Every structure is written in structure tokens, then in C-alpha cells.
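The block underneath contains the structure these notes are about, expressed in C-alpha cells.
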Amino acid sequence: MSKEGLMQDLNLQQKEALQHISGPLLVLAGAGSGKTKVITHKFAYLVKTHKTPVESVLAVTFTNKAAAEMRSRIGNLLPGDIKHSWIGTLHSQCGRILRAEIKHLGYSPDFSIYDEDDRCNLIRHILKDFKIYEALYKGVSSRINLLKTSLIDPDTFLTSGDGFGFDEKLAKVYVRYQDELQRSNALDFDDLIMLTVKLFKEHPKVLRKYQDLFAYLLVDEFQDLNASQYSLMKLIAKQHKNICAVGDDDQSIYRFRGADVQHILNFEKDFPGAKVVRLERNYRSTQNILDVSHAVISMNPNRKGKKLWTEKGRGEKVNVCWLNNEEEEARHIAKIVKELYLKGAYSYGEIGILYRVNLQSRAIEDALRDAGLPYRVVAGISFYQRKEIKDVIAYARLTINHGDNVSLRRVINTPHRGIGAATLTKIESEAKKKSVCLFDVLKSAAKSSGIVTSTKEKLGGFIHLIEQMSAKDTANAAHFLRDIVKQTGYTEALDDDRKQNVEELIASAEGRDIRDFLDKASLQTNAEEGASSDHVSLMTLHNAKGLEFPVVFVTGIEEGVLPYFKAIGKEDEIAEERRLFYVGMTRAKEMLLLSGSKKRRLYSRIQEQEPSRFLKDLPREHCLWTEKVTEFHTMRSEGKRADIVAKIKPMFASGCRVKHPVWGIGVIRDCYGDGEDQKVMVNFPAIGLKRLSLKLANLTKI
């Protein structure tokens, strides 16, 4: 595509970002403002107009879905030109660097990559060995994650005193965990970044090699960078300073993972002379949705100012409804979904229902199911987390990397081989004593005179199986995986659905090198799935990031839910909760419906709920307010009474009898809207349900 072709469908601000090619650039890209287009076109612009080699532009983002879209779009702009490009997730590109350079850190290039499930299994094994309560594994995993994203390795943690919340038991587990990883020649998700930073800091020649290679650095979702990732970006960009950071501080919602919004706020200070371009034209939402969202987010302190606008028109007002309890809220949502579908206005796949915490989905699922509406909870168990998939992948990893202890523990008795727990305990003990991997001890045990013959045969059979498969060609991952399944007899005891999943895994590996394929599988996350074409999508607000729907419900707009109770009283965390609400609202293209309830069951008890403080920021002129509760709720703010939900006093209420001049007597089933927009749903025995406007229907109360 020519230079003119690359420019023709961009707005002025997008063109400005494209044409800045010398020095640091910060693109503040508001929600729905076309940031992906800027990054992909900028990549093509550098290659086509400035003759930059494709391998000299490092373009990174954070999810596999976003990376696939980025690569696809760039491929369309530069057909046939991107074979040797560096386009992908930050973790996958670090994995690529480490495959080539990790020998400098004492690892073998055939290292395994552990996902969160593998990491937790290893931590549980260590806790059990240390006689520490195993149920703590998730908390320990989270703490280790935050330490690594802060570039705090075990040695640094041990000498830190109380600087990083030092805990003696955690330190003991962390040291052992990292030792186990190195002994297994394995890296976890966070090591991919931390070890790349370590590699660059300890080996200046290696750093210079990649600084020379990457003349340009394009970083998507810059607001989501944690400390280790930011350090890595600064190291790479230090020589040429041609870093283009694209992001939105208003959409920084991953603080719990270590992301720090200050990185994007401090960009101009850290990269002096940086040019700033604001993308404020929104291509997704109507103006009412944008104005309501802006009114909320503008209350946050310390943000880069943006005011989004659109050419899509005002659209429908934002609907805000306050109900008696979570069941009524859920039924209210289900009724609107059904009505929108039956009217032919939207398909089920065009509707998203968002909530702050997973436990909110129970009532919504019940209501949708009762109404016979199809739905899908996004980010449940992903394909790559299914047991049968994890088992086959573990076999493949162990076949390539005999030191992978986590994979060995997973498959040594899968399918059942009769290798008992007592034997495994002895092997674990011997491996720890000799500081070697389990596979090496197994090989010795299979020849030992101290092991009973039947056990020796079982161990020998397992070793022979792994070594036999290790000798196979790995160029075609599909053939390699199919051979594993055949040799192990793994699928013989599986039901048809699980066999089908294994077949799908094998088919997806066709034409790939097994090592590349395993890296991709390990770097998948549960939140990679998108919307479904024939189901209403249910998901947390965090999982909604990057998605959009014509119709969006944001539920549970209550104090203690949104904002979450753990954030209350902490200014920086309230600011993050406000950003989370903003992200949810800006997923909507045409209709945005907000709801909350007076009572909600939270953590096994029913609680009285107050409307969220965020509701008082909504501009009334852009909203339709409805209250369906028995008493009016208010909220105190800084000692002053602040009405959050508009009091609706309809002439008619659900359950009352009315008379129509033509259709006779009926019963009101529902009331909604306010003022002149108020409508009712009436059931007339002779003709059924009718939706009527009160100002036109001439109804009489009887």
C-alpha cells in the first residue's frame, strides 16, 4: 500500500501520530478512538515510507487476541513482508529473545514455560513439603507475582528487610520455588520479563544487540505496564529513543496485577521532548454514552485530559434503574434482553452484561435461564486449561525438556501405571538430596537393586516411553502430538468430548514447530475469549476490556460492589474503581443500561446497599432514571444530602388494574421510563400484552 493509501482513511490526529517518526511519542487514545489502526498503520508507514526493515520494528501488546489482530492488520497492509517481524505479546517476544540468549543466564534454550496452573501446582507441592497450609497457594502465587513484576528476585527479597513486606515463610517458599524452576529448566510467566531485564542489565553486549536491532518500538496498552515491563521498554528504547506509546490512563484497571498508571502519566518526564497526540474522536459509542462516561471519569485526579466526541449522534439516553434486590435486578435485565430480541432490535450476541465480581453472575444466570435466554460466561475454563489438553501438553514438554518436574509429576501416572506414592516420595527426596531433576533419579532407580522388580519395570517403561518420543522429529507439532497420544494410550479412557478436544489440539498444531506451539499454548490466558454470536455474554468488568457490544448492562452500581468494598477509604484505589466503571460504560455502542439494588446477598449474607457514589456524577440530562423500590435511597456526601436516584412517582404501578377505551380492563405488569417518556406493559385478557405510552394511551385507573 502506498503512502497516500495508508493516510486516506485516517483522521488528522491519527495522521499526526503516524508522521512523527523521530523521538518519543505518546498517543493518548481514548476508548474507541482507533488506536489499533494507528499502531498498525504506523508499522506499515515506517516500512513503506522510510524503508525500515520489518525486523527492526518491535510491536507489542498484552493479549494474544490483540496480538493476532495486530499481526493480521499489518499483514494486510504489507502483504508478504512480515515473515521475520517482531509482532506479538510482550511475553511472547521476550520468550523469543530468551530462546536465543538464555544460555547467558545458565538455562538451556529448551526451557519450559509454566502457566498459572503449573505455577500453582508447584507452589502447592512446596507448601506441602514445608508443612505449610496448602490452601494458601493462591495468595503465595499472587505475592510472588507482585515481587517478580517489581523485579524483586529471591536474593533481593531476602536482603530487603521490611522494604517489600518481608515475610519469612514467603521468602522460604520463594527461594525454593525459584530453585525448583531453575532445576526444571523452566520459566513462569513473570520470569519471561524479569529474566529478559536481568539478561540486558547483566550482559550489555546482548542489550546493545537488541537496541541496534529495534530502531522503533511500538507499545500498545501502555497504561497496563508494570514495573518490570516498563524497565524493559526503557532499556530497549534508550539508544534510538524512537518509542511510540499508545494507551489511555483512563483505562488503567490492572493495578492488582502490578500495572502502574504512573508510567503513562510520567512518560513526558521519563522521555524528555516527547510529542503528545490525543485521539479524541470516538468511532464506537453515541454522544450520550460518551458524555455520561466522561462525567464520571473526569472526577478522577491526576489524569491526562481528554474529551471524546463522535459523529454518531446523541443516541438513546443512558438508562439507570434502582431495584429492591438482586433477583429483581436480574429479572429486569432478562426482560429487557428478551424484549430487545423479540422486537428484532438486537441479536443475543450483541448484548453484554458486566459485573464487578463473579458472584454477581449467579442471579443473572438464574434469570436468563428462567426466561429461556441463551448466555455464555466469558473467561471460564479456557480450552488450554482443560485437563486433557494440559496432560497432552505436559507429555510434550517433558519429552523435549526432561528436567520439567511439574510436567513429570502430572503425567507419570496418567494414564495409570501403578507407580505408587511411596515410590514418588523416595524419588522426590533423592532428587532434592542430589539437587538433580526427577527424571534423572527415575533413570537411576530403574536400574537400582534396592527397588522391587515390578516397580523397576514400571519406571523403566515410563523412561523408555519418554526417551523414545524424544527421538522423534519436532518440526511438525501435529505429528509429534499425535505420536504422543498413540504411544501413551492417553485417549483410550477418555469420553468422546474429551477425545474431540485432543483432536482439536492436534489439528491446531498442523505445520508448527513443537517448541513454538508449546510456547503459544503456555502463554494463553483464560480471558482470551471474545463475544459469542448467539449467546448473551456475561463477564466481569476486567474481562470486558477490549470488547464492545451494541447493548451493555453494567450491574451492581452500589457502594461496596462498585466501588468494591476493599477500595473504600483509599483514594488511589477509588480512582481505579472509577476507571473500571468507565471501561464498562465505554464498551457500549448504542444502549447503556446501569442498575443496582437496595439489597444484595454478598458473601453468604443479605446486606442493605447504598447507591454507588459514582451515580451522583451522572448528568441527568443524558439519563433516564427509574426507581422500583419501596422506599427512596439517598446518600450523604461530605456531610450534605445528595440525591443519587431520581424519585419516580408514577400514577400507575405494577399490579394495578386499568381500563383502556378500546381493549377494556387489563393489569399493569411493568412500568418504566419517567416524565413524558413513561411507558407501561399491560396484560389485556382478550388480546395479551401491550406496551403503551402513558401520554397517548388514555388509561383509567380502576
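For this structure, a couple of remarks:
- With respect to the conditions (1) within 27 Å of the chain's Cα centre (by Cα); (2) open to solvent by less than 50 Å² (accessible area, probe 1.4 Å); (3) of a type in the set (D, E, K, R); (4) farther than 25 Å from Q385 by Cα, R176 falls short on a single one, namely (1).
- Test: residue in the stretch 160-167 that is on the phi < 0 side of the Ramachandran plot, part of a loop (DSSP other than H, G, I, E, B), among the acidic types (D, E) and open to solvent by 70 Å² or more (accessible area, probe 1.4 Å): yes
- When the test is whether a residue is out of contact with any helix residue (DSSP H, G or I) (no Cβ under 6 Å at 6 or more places or on another chain) and either assigned to a loop (DSSP other than H, G, I, E, B) or not aromatic (F, W, Y) (or both), E510 does not pass it.
- T455 fulfils the conditions (1) in contact (Cβ under 8 Å) with a residue 24 or more places away in the chain; (2) open to solvent by less than 20 Å² (accessible area, probe 1.4 Å); (3) under 18 Å from N413 (Cβ atoms) except for a single criterion, (2).
- Considering the stretch 613-702, the qualifying strands (runs of 3 or more DSSP E), each wholly inside and each with 1 or more residues that are at pLDDT 75 or above and of a type in the set (V, I, T), run over 623-628, 657-660, 664-672, 679-684.
- Test: residue in the stretch 123-137 that is within 21 Å of S407 (Cβ to Cβ), touching a Gly at 6+ places or on another chain (Cβ under 9 Å), open to solvent by 30 Å² or more (accessible area, probe 1.4 Å) and not aliphatic (A, V, I, L, M): no
- Residues of the stretch 289-327 satisfying the condition of being part of a helix (DSSP H, G or I) and within 18 Å of L354 (Cβ to Cβ): I289, L290, V292, S293, V296, I297, E326
- Which listed residue is assigned to a helix (DSSP H, G or I) and under 30 Å from E503 (Cβ atoms), from D473, D440, D391: D391
- In the condition set (1) more than 29 Å from D250 (Cα to Cα); (2) surrounded by fewer than 20 Cβ atoms within 10 Å (Cβ to Cβ); (3) touching a Phe, Trp or Tyr at 6+ places or on another chain (Cβ under 8 Å), A396 is compliant with all but (2).
- Residue within the stretch 527-542 that is without any contact (Cβ under 8 Å) to a residue 12 or more places away in the chain and open to solvent by 20 Å² or more (accessible area, probe 1.4 Å) present: no
- Selection within the stretch 377-388: residues that are outside any loop (DSSP other than H, G, I, E, B) and open to solvent by 20 Å² or more (accessible area, probe 1.4 Å). The member of this set that is modelled with the lowest pLDDT is F383.
- Evaluation of R417 against (1) surrounded by fewer than 19 Cβ atoms within 10 Å (Cβ to Cβ); (2) touching a helix residue (DSSP H, G or I) at 6+ places or on another chain (Cβ under 7 Å); (3) at pLDDT 90 or above; (4) among the basic types (K, R) (one fails), failing number: (3)
- Screening the stretch 1-107 for helices (runs of 4 or more DSSP H) wholly inside it with 3 or more residues that are open to solvent by 60 Å² or more (accessible area, probe 1.4 Å) and either of a type in the set (S, T, Y) or more than 27 Å from V276 (Cβ to Cβ) (or both) returns the ranges 64-77.
- Here F222 fulfils each of the conditions (1) farther than 17 Å from L98 by Cβ; (2) open to solvent by 30 Å² or more (accessible area, probe 1.4 Å) apart from (2).
- The stretch 258-269, subset of a type in the set (D, E, K, R) and surrounded by 15 or more Cβ atoms within 10 Å (Cβ to Cβ), residue nearest to Q211 (Cα to Cα): E268
- Residues in the stretch 484-507 that are buried (at least 16 other Cβ atoms within 10 Å of the Cβ) and part of a loop (DSSP other than H, G, I, E, B): L494 only.
- Considering residues of the stretch 470-498 that are under 16 Å from Y395 (Cα atoms) and charged (D, E, K, R) only, the residue nearest to the chain's Cα centre (by Cα): R482
- Residue check for G352: open to solvent by less than 30 Å² (accessible area, probe 1.4 Å) and under 21 Å from the mean Cα position of the chain (by Cα): yes
- Test: residue in the stretch 334-344 that is over 27 Å from D248 (Cα atoms), of a type in the set (F, W, Y) and in contact (Cβ under 8 Å) with a residue 12 or more places away in the chain: yes
- L368, sole failed condition from (1) open to solvent by 10 Å² or more (accessible area, probe 1.4 Å); (2) assigned to a helix (DSSP H, G or I); (3) not aromatic (F, W, Y): (1)
- Checking L342, L408 one by one, the residue that is surrounded by fewer than 15 Cβ atoms within 10 Å (Cβ to Cβ), more than 28 Å from the chain's Cα centre (by Cα) and either of a type in the set (V, I, T) or over 30 Å from E577 (Cα atoms) (or both) is L342 and no other.
- Residues that are modelled with pLDDT of 95 or more and open to solvent by 10 Å² or more (accessible area, probe 1.4 Å), drawn from the stretch 594-608: none
- Test: S112 is small (G, A, S), under 28 Å from Y254 (Cα atoms) and either touching a residue at least 60 places away in the same chain (Cβ under 8 Å) or open to solvent by less than 10 Å² (accessible area, probe 1.4 Å) (or both): yes
- Flag if S252 is open to solvent by less than 10 Å² (accessible area, probe 1.4 Å) and modelled with pLDDT under 95: yes
- Candidates R176, R208, filtered to the one that is farther than 17 Å from T156 by Cβ, in contact (Cβ under 8 Å) with a residue 24 or more places away in the chain and assigned to a helix (DSSP H, G or I): R208
- Criterion: open to solvent by less than 50 Å² (accessible area, probe 1.4 Å) and either of a type in the set (G, A, S) or at pLDDT below 95 (or both) - qualifying residue of G273, G305: G305
- Residue within the stretch 141-159 that is on the phi < 0 side of the Ramachandran plot, among the basic types (K, R), part of a helix (DSSP H, G or I) and at pLDDT 90 or above present: yes
- Residue match in the stretch 417-427 (condition: small (G, A, S), in contact (Cβ under 8 Å) with a residue 40 or more places away in the chain and assigned to a helix (DSSP H, G or I)): no
The values are calculated or read from the model by the stated rules, or taken from the named source; none is laboratory data. These figures come from a predicted structure and were not determined experimentally. We place every Cβ from the backbone using ideal geometry, glycine too, and count neighbours over all the protein chains shown. Ligands, DNA and RNA are excluded from the accessible area calculation, which covers all protein heavy atoms including side chains. Shrake-Rupley method; radii C 1.70, N 1.55, O 1.52, S 1.80 Å.
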